[in-house]
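Each remark here refers to the structure printed beneath this line.
Any read-out appearing in this document is the output of simple, stated calculations on the displayed coordinates, not a laboratory observation. Computed from a prediction, not measured in an experiment: that's the story for all the values here. All Cβ positions, even for glycine, are placed from backbone atoms using ideal geometry, and neighbour counts span all protein chains on display.
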């Protein structure tokens, strides 16, 4: 790093001794330490990190090592990023929390079967995991934020699709789903991914087999909600508590939800440790009342969900906010809204996000939130 002399342009007005002025000598002062420099860089907005790679080789190595993200975690400095794959796009896009800046990710180097097929996505720490079907079977690809690259694997213990998932820090949970075979049985198994060593850990089996289910993390528990099995639609939910290493069933959790033919998995998200649902058949936002196992209606959501039975809609937790992306109520343009629901009053004020410059299809195939 270049040492900057604070008096390089010294005041030349006082020359009473007749000597020419000279730059001050600060060679005895040490340059900014690498530790302090790293702390400063760690507080940069993540959307600006790409600029550090052009500073010098040390900054590039610091970025690629992932050390900045470890420092951010230690000092509690985190930001949310929104990763989206819209229909018609060959690459994923990354957006900052306000969806003001965006960046196209490198093209995922999978085969055509994976690119054209259905996929599930989730985040764990600085890893974006995308599961799908290649010609040789189900695989998992991971995007590492620090290196800005895609890597294949590690595969789940039981590779699956149509599963529920949730994120908790550098860990992620998956449960349910089915295998790659057309006649594959519906799973009741669950696994936990650890970003630190890239490993999958087998969890106890759920109380019910289920596919096309949804997951969330709330009250330090992994919840799995709804879905279907060989007996039909499931209105129950259940949660996994790591302190007891057991699953607990929640009967009739979705008992009031209208059943639509070929509908999407339940659209659920958590904000301020409260669970919210977007009812696809009516475009209504609901809040889960934990004490009574009931849902409270909070009013309409300003996107169209009924026309596609919930498919193509992104409904996600964005810190203390809810994020919804889909078709605008007036037409087929992309609409993006956020809100900070008040759990006490039930008041919801949706704030539109200017999506005119994003120019993606309103049909969102995959959306995941990364906090790092």
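Key figures for this structure:
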{"read-out": "Segment 108-255 - Rg over Rh from alpha carbon coordinates, Kirkwood radius", "value": "0.97"}
{"read-out": "Directionally averaged projected area (convex hull, Cα atoms, the chain), nm²", "value": "24.5"}
{"read-out": "Length-normalised contact order of the chain in % [C-alpha pairs under 8 Å, at least 6 apart]", "value": "12"}
{"read-out": "Computed label-point distance, nm, for sites residue 357 and residue 151 using a 7 Å Cα→Cβ extension", "value": "3.4"}
{"read-out": "Dimensions (Å) - segment 50-174, Cα atoms, principal axes, largest first", "value": "42, 28, 28"}
{"read-out": "Ranked list, fewest to most other Cβ atoms within 10 Å of each Cβ, for 315, 83, 163", "value": "83, 315, 163"}
{"read-out": "Proxy reagent accessibility, fewest Cβ within 10 Å first, across 91, 214, 81, 281", "value": "91, 281, 81, 214"}
{"read-out": "Ranking of 79, 230, 191 by count of other Cβ atoms within 10 Å, fewest first", "value": "230, 79, 191"}
{"read-out": "Separation of the residue 34 and residue 181 label points, Cα + 7 Å toward Cβ, nm", "value": "5.4"}
{"read-out": "Calculated diffusion of segment 107-173, Stokes-Einstein form, Kirkwood radius summed over Cα pairs, 4 °C and 1.567 mPa s, µm²/s", "value": "106"}
{"read-out": "Gyration tensor (alpha-carbon) shape descriptor, segment 208-348, a/c threshold 1.5", "value": "oblate"}
{"read-out": "Cβ-Cβ FRET estimate between residue 55 and residue 196, R0 fixed at 25 Å, reported to 0.05", "value": "0.35"}
{"read-out": "FRET efficiency for residue 244 and residue 347, using Cβ-Cβ distance with R0 set to 45 Å, rounded to 0.05", "value": "0.80"}
{"read-out": "Tail beyond 15 Å, pair distance distribution of segment 143-205 (Cα, percent)", "value": "55"}
